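Have a look at the structure below, then the notes.
The values are calculated or read from the model by the stated rules, or taken from the named source; none is laboratory data. Please read all numbers here as calculations on a predicted model, not as lab measurements. Cβ atoms come from the backbone with ideal geometry, glycine included; neighbour counts cover every protein chain shown.
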Amino acid sequence: MTVETDPRAAARTAQQRAYRDDGILSRSLGEMAGGRLGPLAPTLIVGALTVLVLILGASGGDLPALLAPAVLLTLLVGPTSTHPHDGRLDWLVPPVIRAIEYGYLAVLGFSQGVPRPLVYTLLAVLVYHHYDTVYRTRQGLWPPDWVYQAGLGWDGRMLITAGAAMIGLATPAYAVLALYLGVLFGWESVRTWLENERGGTGTEIDLEEEAGA
């Protein structure tokens, strides 16, 4: 017996996974979980714990406390990466992950003496990448899977900066990440849009119109 699937539901699931921007580690944990773990509750719990830990860690200069969110997010939210994200409020998961990642990188960088322009540069690169992903998927232009792997994912970026902070190399890590990711995401984005303009293959995906139909 053939099981029919809703193409729009599949597209929304693919979009949510693209918006999550999971790295290799989270995807591996998700494969082990087999898509059985719902994403919303763990993400909200980790979000609340992250805010608390960052406030306490930043005010007390406690490096272990500042490293905890990277580990918590990876271990608790990573296994939910293969869930279809089909719950009524599961669309909240990617924005919460983004808020945790941006807030974590900012607080960790500032607390470890990373120059503010460098912190802002890394954040700007990530904001561009995530905005580009959202806009492209709505045009039917899906980023290739290798981009998520090469981009390290939120888990890889957080764990790398956390590890670098532990050995006193936070500033070099932020500099290398900002340069590497800026070149990677910028080059891949420009290449994709130029190819789309030449080929004219983009297809508008209007989820709001579909939802209201």
**OP:** Please state which of the following conditions G168 fails to meet, knowing it meets all the rest: (1) touching a helix residue (DSSP H, G or I) at 6+ places or on another chain (Cβ under 9 Å); (2) free of Cβ contacts under 8 Å to residues at least 40 places away in the same chain; (3) farther than 13 Å from Y19 by Cα.
**Re:** (1)
**OP:** Quick one: count up the residues across the stretch 15-48 that are part of a helix (DSSP H, G or I) and under 18 Å from the mean Cα position of the chain (by Cα).
**Re:** 23
Subject >> Sole exception among (1) of a type outside the set (S, T, Y); (2) surrounded by 14 or more Cβ atoms within 10 Å (Cβ to Cβ); (3) modelled with pLDDT of 90 or more for L67, by number >> reply: (3)
Original post:
Just checking, which of F185, F110 is part of a helix (DSSP H, G or I) and in contact with a His (Cβ under 9 Å, 6 or more places away or on another chain)?
Top reply: F185
Original post:
Before we move on, is Q139 surrounded by fewer than 21 Cβ atoms within 10 Å (Cβ to Cβ), closer than 21 Å to L72 by Cα and at pLDDT below 90?
Top reply: no
**OP:** Say whether the condition of being part of a helix (DSSP H, G or I), under 17 Å from the mean Cα position of the chain (by Cα), surrounded by fewer than 16 Cβ atoms within 10 Å (Cβ to Cβ) and modelled with pLDDT of 85 or more is met by at least one residue in the stretch 168-181.
**Re:** yes
Original post:
Which residue, of V93, V134, is touching a helix residue (DSSP H, G or I) at 6+ places or on another chain (Cβ under 7 Å), in contact (Cβ under 8 Å) with a residue 12 or more places away in the chain and under 16 Å from G47 (Cβ atoms)?
Top reply: V93
